[in-house]
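Structure first, then comments.
The values are calculated or read from the model by the stated rules, or taken from the named source; none is laboratory data. Model, not experiment: these values are computed from the prediction. Here the Cβ positions follow ideal geometry from the backbone for every residue, glycine too, while neighbour counts run over all protein chains shown.
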Amino acid sequence: MKVNSKIRSIETLAADAGFRNYYFVKITTEDGIVGWSEYDEGFGAPGVGTAIAKLSDRLIGQPVGDHERLYAELYSITRPAAGGVVALALGAIENALLDAKAKALGVPCYELLGGKIRDRIRVYWSHCATWRINHPSYFKPAITDLDGVKAIGREVREKGFTAMKTNIFIYDNDKKNPKGWRPGFGAPNYPERNVDRHVLRNLRMHLEAIREGAGPDVDLLLDLNFNASTEGYLKILRAIRDLDMFWVEIDSYNPEALGLIRRQSPHPISSCETLLGIRDFLPYFREQSMDVAIIDTPWNGVWQSMKIANLAEAHEVNVAPHNFYGHLCTMMNAHFAASVPNLRIMETDIDRLEWDHELFTHVPEFKDGHLIMPSRPGWGTEPVEEAIKAHPPKQATGGLASYGRKA
């Protein structure tokens with residue numbers, strides 16, 4: 001059977017993605033089956049490709065269908081340094097193995113996950129206003145004032161999307177020239193992450209503008225990332241208590257602190273997009289720290305992410321995939337979202353680079369604010385190697401050199 005086809009080679013490829021790079025794993029078997037996955041090095045994780053290369057020799061000659069055994073073996077030999085970049089490398093390898101196995105069987109990846117529960121997946125427009133403010137040379141039209149924020153809110157509604165997520169911005173005295181406020185990521189370099197009245201006024205002004213544009217029937221999500229301490233998050237939640245929020249997304253490496261925030265929050269809390277593996281998620285579930293658990297399936301591996309989702313369901317928590325990469329990651333997340341019973345909603349970026357469609361054989365199909373699941377084998381899309389070569393990566397740093405800067 002082709003599912004027992006042995007792995008001949010494992011490669012990593014990268015392409016220019018504007019303010020960052022896209023990264024891919026390509027697994028080829030002796031029978032010519034090719035499995036793909038997309039991973040990332042720019043979101044605080046330099047060196048994932050190096051870790052993949054170091055682990056690859058262990059996989060050559062192994063049956064491509066044995067993804068659970070191979071993952072367990074790789075985890076075992078890296079156990080002393082489990083987590084971090086090593087975990088991301090394991091997730092990238094697992095996802096490429098799943099694609100290859102599904103193609104060997106001639107089925108979509110969701111069939112490996114127990115079959116799809118839904119044909120259409122509700123999505124929210126992520127980084128709404130954010131990309132056009134932070135990266136105006138890549139995402140048009142650039143947003144330079146509150147009128148631009150209102151306009152993109154209208155655009156969300158007019159294009160049929162039912163939910164959108166934005167971030168924190170600071171405006172000048174004329175309520176123009178917004179800049180992202182991301183001290184949790186060093187932009188500005190403000191490690192104490194205190195939240196003052198100026199931040200609160202600007203955040204509320206930004207949210208009211210995007211709500212005015214979108215109207216009352218589009219769900220509004222806010223991503224606070226790691227940009228405050230517990231005190232700061234509570235100040236923000238009090239400042240926007242009366243606004244209609246679908247959720248407020250908060251990152252914290254302390255489940256007790258997040259649980260305290262959730263119990264005082266007037267809005268649902270989502271979290272955990274940077275956690276890796278069941279062991280990381282378990283204390284957050286025990287603490288009932290969040291209403292929605294966000295799982296990064298490119299980081300964790302889709303098969304391992306299904307286990308995390310099952311654990312979430314046992315704790316009466318719904319899940320949402322973390323997805324702000326290329327089109328292959330979107331489809332990897334879509335197969336996960338189509339298969340888990342306890343799905344809340346799926347993240348996706350609608351603002352795309354002008355050459356994104358060249359890099360992949362198929363792009364996601366959206367209709368009435370939903371992603372339509374394809375039935376093509378594997379993930380349903382593949383990177384185009386000729387296009388990758390035509391858009392070589394700008395840096396070898398994983399994008400960290402430019403993270404947080406306008407482009």
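Things to note:
- Of the residues contained in the range 226-240, one or more are found to be among the polar types (S, T, N, Q), in a loop (DSSP other than H, G, I, E, B), at negative phi and within 24 Å of the chain's Cα centre (by Cα).
- Given (1) of a type in the set (D, E, K, R); (2) modelled with pLDDT of 95 or more; (3) loosely packed, with under 15 Cβ neighbours inside 10 Å, number of the condition Arg405 does not satisfy: (2)
- Qualifying positions in the range 283-303 - in contact with a helix residue (DSSP H, G or I) (Cβ under 7 Å, 6 or more places away or on another chain) and part of a helix (DSSP H, G or I): Pro283, Tyr284, Phe285, Thr297, Pro298, Trp299, Asn300, Val302, Trp303
- Among the residues making up the range 47-80, those that are of a type in the set (A, V, I, L, M, F, W, C) and exposed (fewer than 15 other Cβ atoms within 10 Å of the Cβ) are Ala53, Ile60, Ala72, Ile77.
- Residue within the range 192-209 that is surrounded by fewer than 17 Cβ atoms within 10 Å (Cβ to Cβ), in a loop (DSSP other than H, G, I, E, B) and touching a residue at least 60 places away in the same chain (Cβ under 8 Å) present: no
- Boolean, Asp251 is assigned to a loop (DSSP other than H, G, I, E, B), buried (at least 17 other Cβ atoms within 10 Å of the Cβ) and in contact with a Gly (Cβ under 9 Å, 6 or more places away or on another chain): yes
- Residue match in the range 140-159 (condition: in contact (Cβ under 8 Å) with a residue 40 or more places away in the chain, under 24 Å from the mean Cα position of the chain (by Cα) and within 30 Å of Leu276 (Cβ to Cβ)): no
- Qualifying residue in the range 312-333 (condition: over 30 Å from Tyr284 (Cα atoms), free of Cβ contacts under 8 Å to residues at least 40 places away in the same chain and under 17 Å from the mean Cα position of the chain (by Cα)): no
- Looking across the range 137-153, the residues that are part of a loop (DSSP other than H, G, I, E, B) and surrounded by 16 or more Cβ atoms within 10 Å (Cβ to Cβ) come down to Tyr138, Phe139, Ile143.
- Filtered by the rule that a residue be of a type in the set (A, V, I, L, M) and either surrounded by fewer than 16 Cβ atoms within 10 Å (Cβ to Cβ) or part of a strand (DSSP E or B) (or both), the range 1-17 gives Met1, Ile7, Ile10, Leu13, Ala14, Ala15, Ala17.
- Residue that is more than 26 Å from the chain's Cα centre (by Cα) and assigned to a helix (DSSP H, G or I), where the choices are Glu94, Glu68, Glu73: Glu73
- Residue match in the range 322-331 (condition: under 23 Å from Glu155 (Cβ atoms), crowded, with 19+ Cβ neighbours inside 10 Å and aliphatic (A, V, I, L, M)): no
- Within the range 18-53, if we keep just the residues that are closer than 12 Å to Ile93 by Cα and assigned to a helix (DSSP H, G or I), the residue that is farthest from the chain's Cα centre (by Cα) turns out to be Ala53.
- For the range 270-281, a residue qualifies if it is without any contact (Cβ under 8 Å) to a residue 60 or more places away in the chain, surrounded by fewer than 24 Cβ atoms within 10 Å (Cβ to Cβ) and not in a loop (DSSP other than H, G, I, E, B), and the qualifying residues are Ile278, Arg279.
- Selection within the range 310-321 - assigned to a loop (DSSP other than H, G, I, E, B) and surrounded by 19 or more Cβ atoms within 10 Å (Cβ to Cβ): Val317
- Meets criteria (surrounded by fewer than 19 Cβ atoms within 10 Å (Cβ to Cβ), modelled with pLDDT of 95 or more and closer than 29 Å to Ile143 by Cβ) for His362: no
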